[in-house]
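Shown next, in structure tokens, is the structure this report addresses.
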Amino acid sequence: MNDSELERYSRQLLVPGFELEGQEALGAASVLIVGCGGLGALAAQYLVGAGLGHVVLVDPDRIELSNLPRQIAYTEADVGRFKAEVLAERLQRMNSEVTVTHHSLAFDETSGASLLTTIDAVLDGTDNHGTRLLIDRFTAHRELPWFMGAAVQMAGQNIAFTGLREEGCYHCLAPQQASVDAGGCATLGILGPVVATVALRQVLDLIGALTGVAKVPWGVMRQYDFRANTTASLPLQRRVGCVVCDPNVNTR
């Protein structure tokens with residue numbers, strides 16, 4: 001590390017268990033962030049601020065005025081522009097030493113495999129069940145960890161999956177054939193700080209996984225009710241016959 005980097009990251013270098021080795025591990029990592037809304041945009045800012053080596057942004061949407069209360073990376077002047085493009089510009093201004101790549105397209109059956117090239121981990125910033133199922137399947141095939149998050153109204157949840165999915169997978173939690181999207185923020189509403197809290201939990205898990213500075217509760221669904229100020233944890237269990245993670249039937 002050069003003198004500028006030592007000064008920039010000096011405070012986190014002091015954290016026991018992180019130190020120089022953690023910073024180097026973070027700087028060598030490449031993370032795909034799917035979705036540049038409330039979850040993804042905030043997570044990206046903290047990861048780039050911490051010195052993540054390469055962040056890849058994916059989002060097909062344009063910024064709307066109704067996004068601004070919770071997607072605080074954007075301003076009124078950005079309305080109408082692609083989220084991934086604007087966020088990439090902001091991140092590059094935040095930390096010129098980090099590599100930022102952006103794609104104004106959806107993570108889907110066509111783009112999924114190519115987007116995961118040279119990626120070490122995936123952070124989910126979407127509000128779409130179908131996209132999460134695709135992320136789960138593609139990352140399981142590549143044996144990549146991914147970090148799911150969701151928030152609506154005054155509730156949120158997050159869960160971290162290992163590359164090998166020994167703890168189960170997202171398909172075990174919400175199999176495609178049994179799930180119907182109940183609606184997202186546009187129909188149910190959301191408070192900005194709820195999204196932010198979930199995003200930061202995802203970031204802490206991801207940094208812990210990349211650097212070893214903290215223990216990651218792999219396969220444990222953490223649920224937050226911010227109205228009642230309560231939390232709950234539910235360990236995931238591998239579903240027999242799961243097409244993604246059951247070693248007897250999966251098609252990796």
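Residues in the range 101-152 that are of a type in the set (Val, Ile, Thr), assigned to a strand (DSSP E or B) and in contact with a helix residue (DSSP H, G or I) (Cβ under 7 Å, 6 or more places away or on another chain) were compared, and the one that is farthest from VAL48 (Cα to Cα) is VAL152.
For the range 84-97, state whether one or more residues are over 22 Å from ALA151 (Cα atoms), outside any helix (DSSP H, G or I) and of a type in the set (Lys, Arg). Spell out how you get there, then give the answer.
Filtering the range 84-97 down to residues over 22 Å from ALA151 (Cα atoms) leaves 85-86, 88-97.
Within this subset, residues satisfying the condition of being outside any helix (DSSP H, G or I) are 95-97.
Still in the list and also of a type in the set (Lys, Arg): none.
No: zero hits.
Tell me, please, whether a residue that is of a type in the set (Val, Ile, Thr) and farther than 26 Å from VAL194 by Cα can be found in the range 51-73. No, the conditions are met nowhere in the range 51-73.
Taken over the range 67-83, the criterion of being in contact (Cβ under 8 Å) with a residue 12 or more places away in the chain and in a helix (DSSP H, G or I) is satisfied by ASN67, ASP78, LYS83.
Considering (1) part of a loop (DSSP other than H, G, I, E, B); (2) surrounded by 18 or more Cβ atoms within 10 Å (Cβ to Cβ), the lone condition that VAL249 does not fulfil carries the number (2). Considering every residue within the range 146-158, establish whether at least one is closer than 30 Å to SER4 by Cβ and in contact with a Cys (Cβ under 9 Å, 6 or more places away or on another chain). No, the range 146-158 has no match at all.
When you check LEU200 against the structure, is it surrounded by fewer than 18 Cβ atoms within 10 Å (Cβ to Cβ), under 16 Å from the mean Cα position of the chain (by Cα), modelled with pLDDT of 95 or more and assigned to a helix (DSSP H, G or I), yes or no? Against the criterion (surrounded by fewer than 18 Cβ atoms within 10 Å (Cβ to Cβ), under 16 Å from the mean Cα position of the chain (by Cα), modelled with pLDDT of 95 or more and assigned to a helix (DSSP H, G or I)), LEU200 qualifies.
Please give the helices (runs of 4 or more DSSP H) falling wholly within the range 1-57 in which 3 or more residues are crowded, with 24+ Cβ neighbours inside 10 Å.
Values: elements: 3-8, 10-13, 19-27, 38-50.
So the answer is 38-50.
The values are calculated or read from the model by the stated rules, or taken from the named source; none is laboratory data. Every value quoted in this text rests on a predicted model; they were computed, and no experiment measured them. Note: ideal-geometry Cβ built from the backbone for every residue, glycine included; neighbour counts use all protein chains shown.
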